[in-house]
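Visitor: One structure, as structure tokens, below. Some questions next.
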Amino acid sequence: MPKKVTQPSAVFNVGDMELVSSECIILRNQDYLERDRLVTFLTRDAGKLRGIVKGSRKLTSRGVGSFEPFSRGLIHYVDKAGAGLVAIRKCDPQPPYLYLERDYHKFLYAGYVTELIDLCPIQRDESEPFFELLGGTLDALCEAGAPRRLPLLRLRFELRYLQLLGYQPDWTRCCMCLRPLLRWENNLAEPVLRGSHRFDPRRGGLCCPDCARANRQLTPLAPESLAFLENWRNAPAGTVVRPTRQALEELEAAITQHLAYHLERQPRSLSLLPSLQALNGNDGA
Ligand SMILES: [Zn+2]
């Protein structure tokens, strides 16, 4: 894969307008009026923006592919103060070029992480970590071998995304009685309590089996699922910590509820993601 290009936005003042060139990842595009296109994009250092590409729906328009979701480029736009939408002049494609559409499952996961980025407001001064997260996840999806690795890339993305939004739960402590849920032996986390823990999106954390008794409608998590999460997150580079199907299903369910609670909606692309069973069935291992 070619080396990534990293560069800060360049700004030129033309009268009362700013002509800006920013490194970007395209999140979404849609038709706008008769001939134009409305493009949402995340810049490395200028926040998440929306803009109009004039005349880009004409078949003969050059560079339309540069505005497809997941593509990266150096986007040139005019930012008129207070206008809301920027006027996009063009987007020069930049490496790495991802060919996610060749693998349907990877394409669906890319759609999901990109939609999550699209669903949260990202201001100018917080752009870079979101840009790195999305870019790094798209690269990792491209390079992922076996389909069963895709849910772990999703999990890694979601945990970092929650951290950047300030909603990362404490996975090691009961959010009600505050007792520790894990202990460490030889650098490996083990559950302290047997029985079903539960995830409470409203409290933004886990309830121990005792506190969970009054909240049986909440998403259950086995103690082994919590131990897996902790060991997987803290595993030294090169160490493989494999989840059980149950651990992945429980963590996916808890994080999905947590995200929906904070985003106040369910990402539409979530329902398109393949089941864990479908991914393992394709693994051939
Ligand atoms: Zn408790």
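The values are calculated or read from the model by the stated rules, or taken from the named source; none is laboratory data. Everything numeric in this text was worked out from a predicted model, so none of it was measured. Note that we place each Cβ from the backbone using ideal geometry, even for glycine, and neighbour counts take in every protein chain shown.
Visitor: Do you know which residues across region 188-229 are at positive phi and away from the ligand (no atom under 13 Å from the Cβ)?
Guide: Passing the criteria: only GLY204.
Visitor: Name the residues in region 212-231 that are of a type in the set (A, V, I, L, M, F, W, C), without any contact (Cβ under 8 Å) to a residue 40 or more places away in the chain and out of contact with any Phe, Trp or Tyr (no Cβ under 7 Å at 6 or more places or on another chain), would you?
Guide: Filtering region 212-231 for residues of a type in the set (A, V, I, L, M, F, W, C) gives 212, 214, 218, 221-222, 226-229.
Those still in the list that are without any contact (Cβ under 8 Å) to a residue 40 or more places away in the chain too: 212, 214, 218, 221-222, 228.
Within region 212-231, ALA212, ALA214, ALA222, PHE228 qualify.
Visitor: Just checking, does region 171-187 include any residue being surrounded by 15 or more Cβ atoms within 10 Å (Cβ to Cβ) and either more than 16 Å from the ligand (Cβ to nearest atom) or touching a residue at least 60 places away in the same chain (Cβ under 8 Å) (or both)? Write out each step before concluding.
Guide: So in region 171-187, the residues surrounded by 15 or more Cβ atoms within 10 Å (Cβ to Cβ) come out as 171-176, 181-182.
Next, only the ones that are either more than 16 Å from the ligand (Cβ to nearest atom) or touching a residue at least 60 places away in the same chain (Cβ under 8 Å) (or both) stay: none.
There is no residue in region 171-187 that is surrounded by 15 or more Cβ atoms within 10 Å (Cβ to Cβ) and either more than 16 Å from the ligand (Cβ to nearest atom) or touching a residue at least 60 places away in the same chain (Cβ under 8 Å) (or both).
Visitor: Evaluate the following for THR137: is it of a type in the set (Ser, Thr, Tyr), under 30 Å from LEU218 (Cα atoms) and touching an Asp or Glu at 6+ places or on another chain (Cβ under 9 Å)?
Guide: Details: of a type in the set (Ser, Thr, Tyr): yes; under 30 Å from LEU218 (Cα atoms): yes; touching an Asp or Glu at 6+ places or on another chain (Cβ under 9 Å): no.
No.
Visitor: On to the next question. Looking at LEU251, LEU229, LEU153, can you tell me which residue is under 19 Å from the mean Cα position of the chain (by Cα), at pLDDT 95 or above and outside the structural domain of SER275 (by TED's automatic domain parsing)? It would help to see each step written out before you state the result.
Guide: Details: LEU251 fails: outside the structural domain of SER275 (by TED's automatic domain parsing); LEU229 fails: outside the structural domain of SER275 (by TED's automatic domain parsing).
Among LEU251, LEU229, LEU153, only LEU153 is under 19 Å from the mean Cα position of the chain (by Cα), at pLDDT 95 or above and outside the structural domain of SER275 (by TED's automatic domain parsing).
Visitor: Filter region 74-114 for residues that are among the aromatic types (Phe, Trp, Tyr) and surrounded by 16 or more Cβ atoms within 10 Å (Cβ to Cβ); which is nearest to PRO274 (Cα to Cα)?
Guide: Keep residues of region 74-114 that are among the aromatic types (Phe, Trp, Tyr), which gives 77, 97, 99, 104, 107, 109, 112.
Adding the requirement that they be surrounded by 16 or more Cβ atoms within 10 Å (Cβ to Cβ) leaves 77, 107, 109, 112.
On the way: TYR77: 37, PHE107: 11, TYR109: 9, TYR112: 11 Å.
Filtering region 74-114 for residues that are among the aromatic types (Phe, Trp, Tyr) and surrounded by 16 or more Cβ atoms within 10 Å (Cβ to Cβ), the one nearest to PRO274 (Cα to Cα) comes out as TYR109.
Visitor: Right, here's the next one. GLN168 - would you say it is assigned to a loop (DSSP other than H, G, I, E, B), within 18 Å of GLU252 (Cα to Cα) and without any contact (Cβ under 8 Å) to a residue 12 or more places away in the chain? Break it down into steps so the answer makes sense when it comes.
Guide: Numbers: assigned to a loop (DSSP other than H, G, I, E, B): yes; within 18 Å of GLU252 (Cα to Cα): yes; without any contact (Cβ under 8 Å) to a residue 12 or more places away in the chain: yes.
Here the answer is yes, as GLN168 does meet what is asked.
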